[in-house]
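Chemist: Before I ask anything, let me first share the structure, which is written out below as structure tokens.
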Amino acid sequence: MTESLTPHLTRCHCGAVQARVLLPNAISAQRCNCSMCNSVGFVHVIVPAHRFELIQGEQDLTTYTFNTGVAKHTFCKHCGVKPFYTPRSNPDGFSVNLHCLTIQPAQVTIEDFDGQNWEANAGALKHLSE
């Protein structure tokens, strides 16, 4: 049986950057304790690239990288909010910030992820962008 997907809008605070993401009604989101996620309060909803579409604001995005440079931390250059980015754990997909979805999915389970020990734990996320 194929899982039913519903379109959701994720956006930055000022609305300049908006994307559509297809999500099931019940999702698992990851709360990471790494220095970046902890600093900005990002809660991950990782999806395959084919379930993500930037619909507005490509010119309003800026990118920050550090460490290996694989993760592309994109955020609005006007309001500074990061509604999504390309994660190091899933560079073939996108991580959408649960807090930036305009409407929450019907059921959300938040799982803690130990990003402070990223190398030992990153493999547990790989399946999320498939």
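Every number in this text was worked out from the coordinates using simple rules, so none of it is lab data. Predicted, not measured: the structure shown is a model, and the values here were computed from it. Cβ placement follows ideal geometry from the backbone for every residue including glycine, while neighbour counts extend to all protein chains displayed.
Chemist: Look through the range 92-130, keep the residues that are touching a strand residue (DSSP E or B) at 6+ places or on another chain (Cβ under 7 Å), in a helix (DSSP H, G or I) and small (Gly, Ala, Ser), and return whichever of them is farthest from residue 34 (Cα to Cα).
Modeler: 129
Chemist: Do you know which of the residues in the range 1-24 that are among the charged types (D, E, K, R) and surrounded by fewer than 17 Cβ atoms within 10 Å (Cβ to Cβ) is nearest to residue 104 (Cα to Cα)?
Modeler: Once the filter is applied, the top-ranked residue is 20.
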